[in-house]
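Worksheet: one structure, shown below.
The values are calculated or read from the model by the stated rules, or taken from the named source; none is laboratory data. Treat the numbers as computed from the prediction; the structure is a model and nothing was measured. With ideal geometry, Cβ positions are generated from the backbone for all residues, glycine too; neighbour counts draw on all protein chains shown. When the accessible area is computed, the model is the full protein with side chains, heavy atoms only, and any ligands, DNA or RNA have been set aside. Shrake-Rupley method; radii C 1.70, N 1.55, O 1.52, S 1.80 Å.
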Protein chains: 2
Amino acid sequence: MNTINKVTVVGTGVIGNGWIARFLAQGYDVVAFDPAEGAEDRTRQAVNHAWISLEQKGLAAGASKERLRFIDTIEEAVAEADFIQENVPEREELKKSVLETIDRYAKTDAIIGSSTSGIIPSTLQSGLQHPERFIVAHPFNPVYLLPLVEVVGGKSTDANVVKRACQFFDSIAMKPLVIHKEVDGHVADRLMEALWREALHLVNDGVATTEEIDTAIIYGAGLRWAQMGPFLTFHLAGGEQGMRHMLEQFGPALKLPWTKLEAPELTDELKEKVIEGCESYAGDESVADLEHKRNEFLVKLLDLVEEYWPESKSLNKN
Amino acid sequence: MNTINKVTVVGTGVIGNGWIARFLAQGYDVVAFDPAEGAEDRTRQAVNHAWISLEQKGLAAGASKERLRFIDTIEEAVAEADFIQENVPEREELKKSVLETIDRYAKTDAIIGSSTSGIIPSTLQSGLQHPERFIVAHPFNPVYLLPLVEVVGGKSTDANVVKRACQFFDSIAMKPLVIHKEVDGHVADRLMEALWREALHLVNDGVATTEEIDTAIIYGAGLRWAQMGPFLTFHLAGGEQGMRHMLEQFGPALKLPWTKLEAPELTDELKEKVIEGCESYAGDESVADLEHKRNEFLVKLLDLVEEYWPESKSLNKN
């Protein structure tokens, strides 16, 4: 059950505005605070823009862009909120200082979330008077459409706060993913960052252009990743025996210089974790069942991509 | 103009069968060779399975599953082909030996492609009598649906062969991406492998399960990657100023331990390559135009994922 009624957003850049649009579309009253000149105008413009898609997806009863209110001081902005989401620039000292101010003026049972991409919650909560109600709640751009939010508690976070936050995120059509171990970059950004750094190496080494790399992602792995992550994808590539066969066949490739990233040792323990993970995930569905579902999905997705991919006019057609 | 009429597939595992299904659906006569016991039965079953989706996508005039013929010797199988695709297991010596046999019996103007995931073409063509007609043509599973094929020529490859191969791939509804510099793993697999290795580290370090990692990909970056690669995605995340602003804001994160992969130095030269790449790619379309297109796409894709994502019964709902 969701116990959140009033939400406040602190910091209204691309991510803060994304949260605001999502909260409004879900029928909440939203209070916003941002000291930057012209912030309110920019936010209202961003919400107008997002609203087109949010209407297509379907608004909650009573949802209105008019239910957004900017307040001039952070003290007042957070005073009545049940949930406060912080989205100031990704600098540790700045975030800690803003979070300390929020902590000072918020109700003691309010939940405070931070959109930080990379900083672990134990670091951010260390200066708070009530660190038990602090979590990292890391969303993905565009926040008003993408469902994923990584929820990470720090050393001092109350488990019940993580639970209440997840119930809230569930209720606003998000997919909260609780990360149980604090690491820099959490989980999703570590995966993205690995791919991103390899992409920069390829550009830097003159192997491919930015455009060629984008094409290499979209028309291959990208189409699959919209439906299945890397593990289930490889489970299917293994044929009837799934991941077990896949690891036998491509395990040795982990030693090859196929990326600048060194792989972990493929120990029996790691193998079993990966195989059992895929098998329990797949549950009763055989590889053939999953393939069937994947194919139906891909046929429809290919039409969609054909319609909406911003195909370049400049990509070399050999 | 496409000059290929007869195609032969050597090696009929998951990838070889994927090629066969695609060629048949595009209206070709296909000859196959695989010395393994029961290979023909397995291939016909795989083609039957693929055919369901291929019919949904639309078959070429005259396309028929009956136009597949298995031939018992590799010599005969390749003798009349205009295009031969090799898909034997990923072991350098095995591939070289099979390719040498193909080279010996194929017509001198036939094109020989290899599906190798990681080996560079100069290595594979080194023992051929006619290395000039050899290319790497690396596809993605399922080959009968995913459009990407990386085309890489080696030191001895004739540029005209690369061109003819691309025309052929274009004509069978693929997206040929020519890679101009030979590196292990080509381009797409280097990107995937970087993400895959980071994923294995996360499992190995006990940060997340295979299922949590899959969720972290699908509901965040994966949905975006079906439409835009990492560069255009970040171009949009940068707001009105696109990639230029993005690199200013997140450039410093390259120094942070957000993945086990070390980033290249973000020199002015690399910055400009990345920024100019995105700007020329985006062409006349402003970030706002691209956002609008992205949002329409995402709204439809979210419905599709909701319908087809193999949602786990076991994923911890906090």
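Of the residues making up the range B:270-290, those that are open to solvent by 10 Å² or more (accessible area, probe 1.4 Å), more than 7 Å from chain A (Cβ to nearest Cβ) and farther than 30 Å from residue A:263 by Cβ number 8. Residue check: is residue B:78 over 18 Å from residue B:144 (Cα atoms) and in contact with a helix residue (DSSP H, G or I) (Cβ under 9 Å, 6 or more places away or on another chain)? When the stated conditions are applied, residue B:78 passes them. Of the residues A:143, A:161, A:149, A:47, only one is in contact (Cβ under 8 Å) with a residue 12 or more places away in the chain, part of a strand (DSSP E or B), open to solvent by less than 20 Å² (accessible area, probe 1.4 Å) and over 14 Å from residue A:10 (Cβ atoms); which? So the residue among A:143, A:161, A:149, A:47 that is in contact (Cβ under 8 Å) with a residue 12 or more places away in the chain, part of a strand (DSSP E or B), open to solvent by less than 20 Å² (accessible area, probe 1.4 Å) and over 14 Å from residue A:10 (Cβ atoms) is A:149. Restricting attention to the range A:176-204, the residues that are open to solvent by 10 Å² or more (accessible area, probe 1.4 Å), without any contact (Cβ under 8 Å) to a residue 12 or more places away in the chain and out of contact with any Leu (no Cβ under 6 Å at 6 or more places or on another chain) total 6.
For the range A:236-257, name all the residues that are within 9 Å of chain B (Cβ to nearest Cβ) and either in a helix (DSSP H, G or I) or without any contact (Cβ under 8 Å) to a residue 12 or more places away in the chain (or both). Even if it seems obvious, please write down each step before you answer.
Within the range A:236-257, the first condition is being within 9 Å of chain B (Cβ to nearest Cβ), and the residues that meet it are A:236-239, A:243, A:249-250, A:252-254, A:256-257.
Selection gives A:236, A:237, A:239, A:243, A:249, A:250, A:252, A:253, A:254, A:256, A:257.
Would you call residue B:82 in contact (Cβ under 8 Å) with a residue 12 or more places away in the chain, open to solvent by 60 Å² or more (accessible area, probe 1.4 Å) and on the phi < 0 side of the Ramachandran plot?
When the stated conditions are applied, residue B:82 does not pass them.
If you check residue B:173 against the conditions, is it within 11 Å of chain A (Cβ to nearest Cβ), under 23 Å from the mean Cα position of the chain (by Cα) and either open to solvent by 40 Å² or more (accessible area, probe 1.4 Å) or of a type in the set (Ser, Thr, Tyr) (or both)? Answer is yes for this residue.
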